[in-house]
Amino acid sequence: MTVTPGGPLSQTITVPLGPTGGIDLRSSVVADVFVDVHGYYSPAITATRGRYVAVTSIASATTTAVSGGTASFDLSSVVPADVEAVVVTARARGGVGTWSVAGLPVLSVRFGETAVNRVVVPGRTVDFVASAAGEISIDVLGWYTGGSAPSSSDGLFVSVATQRLYDTTGSLNPLGAGVALHAGWTAELPLALAGAGAVLVNTFVSSAHGPGDLIVFPGRRDRGISPTLVASRSGHAVSGQSPVALSSRALSVWSAGGAEVVVDLVGWFTGTPVAATNGAPINPLPVGDTFPGQIWIPDIKLRSTVRENADLVDFDPVHIPESRSPNQPGNVAIFGHRTSHGREFRNIDRLKRGSQIIVTTNGRNYTYSVTAVGVLKPDDPALWASASNDQTLTLVACHPPGSVRFRIVAFARLTSVT
């Protein structure tokens, strides 16, 4: 769970019991915590009732409610008659407050944000009671079988020690080590899990590049419209847990706005994966944030405008047009003077590993951390180019001061977007 100051958070999670039948909660901040038990899994080899059936053709519905009112959903047209419970993704927006089911809060809406949670509801009809006027939508993810279901070994839950499947900040990343999931991109997550038809995953978004849905879905299948998480703004951090059907190509994860993403496996449901029906994903180049903008380097007390037109370099540092733009994979290169005109880059030789560089454009702050400072020849493509999809930055100036023989370059990598 990711808690931000000043507001409530409701989240449904499945956790393993300890040897004495208890669970531990640990918080990095001071918070009041309430725990409600919605159900449990019993050991079994086969079972009739309580087996999870994941669906890939998700049914959706949307309605509104006034403050103190009820939003009702009838799922009888998409869910079998005899079920123990139905699993839905609920998404709410509008008035600041909570949405409750059977008196228990399941969604907490904060100002300007969209709340998303996996909710287990008893039966095929469900009433959400709103403490403030707003809109709510639900997507059916699956259901637990009732007593009339045939006995089977499919749909039994297997709890496992948490296993990291995907991490854009590290090496567990099919897009490349340290490469963010850019806007409109899909990453395929390979997963060898014999006998599994669905998985239960924890998903965490940090440093969202922009607002939008994040969806974890069966690999090389249509992703649908049901969000796993929603980032409401740039820089938003949010987490959640959700069951996802597996395909023969395991899992995929897609982001509408771009973000750093972590996906952890916490359990799986026995069964058979569905067939992959689509080809490999094609990841388009995201739209870049253009200049003019601002650059702020605290360690050398530099604050300056950055311009897009290279002809304006005698007035301010400029973005090198052959390089990428912020919000795009690759390297953003900015050139400035050291001894003439504004001398904005006079002291970039004083930057050290870990020095922060903040570039602001189109309302977003891109924070970079310096990884190295070096001297290169003027025609070296490393001045502005990148061989990776990672988001990096180079600050380029002539070297030594007063000469154009070489170029001094500060190399940095993106650490956050706010």
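Taking every residue in the range 18-30 that is over 19 Å from A161 (Cβ atoms) and pairing it with any residue that is in a loop (DSSP other than H, G, I, E, B) and of a type in the set (A, V, I, L, M, F, W, C), at least 6 positions away or on another chain, the pairs with Cβ-Cβ distances below 9 Å are S27/M1; S27/V3; S27/V33; S28/V3; V29/V3.
Listed by position, the strands (runs of 3 or more DSSP E) contained in the range 270-364 that have at least 1 residues being of a type outside the set (F, W, Y), over 30 Å from G142 (Cβ atoms) and within 25 Å of the chain's Cα centre (by Cα) are 330-335, 356-361. Out of A130, A65, A102, A115, one residue alone is more than 18 Å from L9 (Cα to Cα) and of a type outside the set (F, W, Y). It is A65. Between G271, G240, the distinction of being farther than 25 Å from S416 by Cβ and either of a type in the set (G, A, S) or assigned by TED's automatic domain parsing to the domain that holds T89 (or both) belongs to G271 only. Working only within the range 11-32, note down all residues that are at pLDDT 85 or above and either more than 22 Å from L265 (Cα to Cα) or not in a loop (DSSP other than H, G, I, E, B) (or both). The one that is at pLDDT 85 or above and either more than 22 Å from L265 (Cα to Cα) or not in a loop (DSSP other than H, G, I, E, B) (or both): T20.
Is it true that some residue in the range 136-149 is surrounded by 15 or more Cβ atoms within 10 Å (Cβ to Cβ), more than 19 Å from S242 (Cα to Cα) and at pLDDT 95 or above? Yes, that holds for at least one residue. Within the range 69-90, the presence of at least one residue that is touching a Pro at 6+ places or on another chain (Cβ under 8 Å), farther than 28 Å from A231 by Cβ and of a type in the set (D, E, K, R) is confirmed.
Here E188 clears all of (1) touching a Gly at 6+ places or on another chain (Cβ under 9 Å); (2) surrounded by 21 or more Cβ atoms within 10 Å (Cβ to Cβ) except the condition numbered (2). Per this entry, T125 is not counted among residues that are at pLDDT 95 or above and in contact with a strand residue (DSSP E or B) (Cβ under 7 Å, 6 or more places away or on another chain).
Within the range 45-65, count every residue that is in a loop (DSSP other than H, G, I, E, B), surrounded by 15 or more Cβ atoms within 10 Å (Cβ to Cβ), small (G, A, S) and modelled with pLDDT under 95. Here the count works out to 1. One residue stands out in the range 397-418 among those that are aliphatic (A, V, I, L, M) and crowded, with 20+ Cβ neighbours inside 10 Å: the one that is nearest to G258 (Cα to Cα), namely V417. Of all the numbered requirements in (1) at pLDDT below 95; (2) over 10 Å from the mean Cα position of the chain (by Cα); (3) not in a loop (DSSP other than H, G, I, E, B), A192 misses one, and that requirement is (3). In the range 334-350 there is at least one residue matching the filter, namely being within 30 Å of W185 (Cα to Cα) and either crowded, with 23+ Cβ neighbours inside 10 Å or of a type outside the set (D, E, K, R) (or both).
Mind listing just one residue for me: the one in the range 97-129 that is surrounded by fewer than 18 Cβ atoms within 10 Å (Cβ to Cβ) and among the small types (G, A, S) and, of those, farthest from Y144 (Cα to Cα)? Per the criteria, the residue is G112. Highlighted here are the strands (runs of 3 or more DSSP E) found entirely within the range 66-185 that include at least 3 residues which are of a type in the set (D, E, K, R) and in contact (Cβ under 8 Å) with a residue 40 or more places away in the chain: 83-94. If you check S242 against the conditions, is it among the small types (G, A, S) and in contact with an Asp or Glu (Cβ under 7 Å, 6 or more places away or on another chain)? No: the conditions fail for S242. Mind listing whichever residues of the range 232-269 are part of a loop (DSSP other than H, G, I, E, B) and either in contact with a Ser or Thr (Cβ under 8 Å, 6 or more places away or on another chain) or on the phi < 0 side of the Ramachandran plot (or both)? Result: S232, R233, S234, G235, H236, A237, L246, S248, R249, A256, G257.
The values are calculated or read from the model by the stated rules, or taken from the named source; none is laboratory data. No experiment lies behind these values; they were computed from the predicted model shown. Cβ coordinates were reconstructed from backbone atoms using ideal geometry, including for glycine residues, and neighbour counts include every protein chain displayed.
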